[in-house]
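Working notes, beginning with the structure itself.
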């Protein structure tokens, strides 16, 4: 029975690969790759001619039995387009299936964008919560951010260039515009940039500079001793959210996440505000 190797590959710079990873990639009979073109660039750079088969989001369930069949007669290395396979990349289903059939699963550690961004961010690294890619739909994105708004741990997330500005707007709404933030772009590549400041500042900066590249966001956690807002602050925040077209229910959830109030209590204040504004 073969071994399934989970091999970390460079997130940008082709030299960021371990000697052990190169040895495994050279000696396994088969490499299952998320992107065979990217894999071939890496392998050619290091003089490796191991056969490749594609294993990506669109075919991962279809190719599952193919990879498992290969494990019956030899080892297989799984690599993603960049970084560690299985971490916001295909791999989870294959690992589960391999474990269920008693194949050995061996990680070959390597580059990881979340860890690289975290340690360079200047934000606390002792405890952090990895959120993966933020949801595409705004309602789902806000719901996730509201769930973690009062967590004291550093948050790490991926975002695509064309959704970055929308994500920063929602981060400001759910977490507060002055929350510390590091925006890490094109890590280990020629145009690497690590921007540090606040959520509001990032919106201004990237609104002017543009949003090209791959982004990892490192967000400061909530202050553990943050005092609960008083009623005047809650009312003001509700009015602000409603002025931007939010429904009362949406506004109540966002303000509750920021203020430490129960959502129902915030909603009741919103109803009072609404009645007061329409009263003659």
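The values are calculated or read from the model by the stated rules, or taken from the named source; none is laboratory data. Quick caveat: nothing in here was measured; it's all calculated off a predicted structure. Note: ideal-geometry Cβ built from the backbone for every residue, glycine included; neighbour counts use all protein chains shown.
Give me a count of the residues in segment 221-253 that are in a loop (DSSP other than H, G, I, E, B) and either touching a helix residue (DSSP H, G or I) at 6+ places or on another chain (Cβ under 7 Å) or over 19 Å from residue 150 (Cβ atoms) (or both). Step through it out loud before you land on a result.
Initial filter on segment 221-253 (in a loop (DSSP other than H, G, I, E, B)): 221-230, 244-247.
Of the ones still in play, those that are also either touching a helix residue (DSSP H, G or I) at 6+ places or on another chain (Cβ under 7 Å) or over 19 Å from residue 150 (Cβ atoms) (or both) are 228-229, 244-247.
Number satisfying all stated conditions: 6.
Since residue 256 meets every condition but one in (1) surrounded by fewer than 20 Cβ atoms within 10 Å (Cβ to Cβ); (2) outside any loop (DSSP other than H, G, I, E, B), which condition does it not meet?
It is condition (1) that residue 256 fails.
For the structure I just gave you, tell me whether residue 12 is surrounded by 13 or more Cβ atoms within 10 Å (Cβ to Cβ), under 23 Å from the mean Cα position of the chain (by Cα) and closer than 15 Å to residue 106 by Cα. Reasoning before the result, please.
Details: surrounded by 13 or more Cβ atoms within 10 Å (Cβ to Cβ): yes; under 23 Å from the mean Cα position of the chain (by Cα): yes; closer than 15 Å to residue 106 by Cα: no.
Considered against the rule, which asks whether it is surrounded by 13 or more Cβ atoms within 10 Å (Cβ to Cβ), under 23 Å from the mean Cα position of the chain (by Cα) and closer than 15 Å to residue 106 by Cα, residue 12 comes out as no.
Could you list, in sequence order, all residues of segment 24-54 that are touching a residue at least 12 places away in the same chain (Cβ under 8 Å), within 30 Å of residue 185 (Cα to Cα) and in a helix (DSSP H, G or I)?
24, 25, 36, 38, 39, 40, 41, 42, 43, 45
Return the residues of segment 85-97 that are buried (at least 22 other Cβ atoms within 10 Å of the Cβ) and assigned to a helix (DSSP H, G or I); say none if nothing qualifies.
Passing the criteria: only 94.
Restricting attention to segment 201-229, and to residues there that are buried (at least 17 other Cβ atoms within 10 Å of the Cβ) and without any contact (Cβ under 8 Å) to a residue 40 or more places away in the chain, which single residue is nearest to residue 277 (Cα to Cα)?
Looking at the filtered set, the residue picked out is 229.
Can you tell me which of 39, 33, 82 is within 17 Å of residue 105 (Cα to Cα), crowded, with 19+ Cβ neighbours inside 10 Å and under 25 Å from the mean Cα position of the chain (by Cα)?
Numbers: 39 fails: within 17 Å of residue 105 (Cα to Cα); 82 fails: within 17 Å of residue 105 (Cα to Cα).
Matching residue, one of 39, 33, 82: 33.
Within the group 164, 168, which residue is crowded, with 23+ Cβ neighbours inside 10 Å, under 13 Å from the mean Cα position of the chain (by Cα) and either at pLDDT below 95 or in a helix (DSSP H, G or I) (or both)?
Numbers: 168 fails: under 13 Å from the mean Cα position of the chain (by Cα).
The conditions single out 164.
Restricting the search to segment 196-211, which residues are assigned to a loop (DSSP other than H, G, I, E, B) and either closer than 20 Å to residue 114 by Cβ or touching a helix residue (DSSP H, G or I) at 6+ places or on another chain (Cβ under 8 Å) (or both)?
Taking segment 196-211 and keeping what is assigned to a loop (DSSP other than H, G, I, E, B), we get 210-211.
Within segment 196-211, 211 is the sole residue that qualifies.
So, of the residues in segment 172-184 that are at pLDDT 95 or above and surrounded by 22 or more Cβ atoms within 10 Å (Cβ to Cβ), which turns out to be farthest from residue 223 (Cα to Cα)?
Filtering first and then ranking leaves 184.
Among the residues of segment 172-195, is there at least one that is touching a strand residue (DSSP E or B) at 6+ places or on another chain (Cβ under 8 Å), free of Cβ contacts under 8 Å to residues at least 24 places away in the same chain and assigned to a strand (DSSP E or B)?
yes
Quick check, is residue 111 over 12 Å from the mean Cα position of the chain (by Cα), surrounded by 15 or more Cβ atoms within 10 Å (Cβ to Cβ) and more than 17 Å from residue 179 (Cβ to Cβ)?
yes
Evaluate the following for residue 21: is it surrounded by 19 or more Cβ atoms within 10 Å (Cβ to Cβ), part of a strand (DSSP E or B) and assigned by TED's automatic domain parsing to the domain that holds residue 91? Working first, answer last.
Values: surrounded by 19 or more Cβ atoms within 10 Å (Cβ to Cβ): yes; part of a strand (DSSP E or B): no; assigned by TED's automatic domain parsing to the domain that holds residue 91: yes.
The answer is no for residue 21.
Looking at (1) closer than 25 Å to residue 152 by Cβ; (2) at pLDDT below 95, find the lone condition where residue 245 falls short.
It is condition (1) that residue 245 fails.
Pairs needed: first member in segment 230-251, assigned by TED's automatic domain parsing to the domain that holds residue 273; second member anywhere, loosely packed, with under 14 Cβ neighbours inside 10 Å and assigned to a loop (DSSP other than H, G, I, E, B); C-beta distance under 6 Å; at least 6 residues apart or different chains.
none
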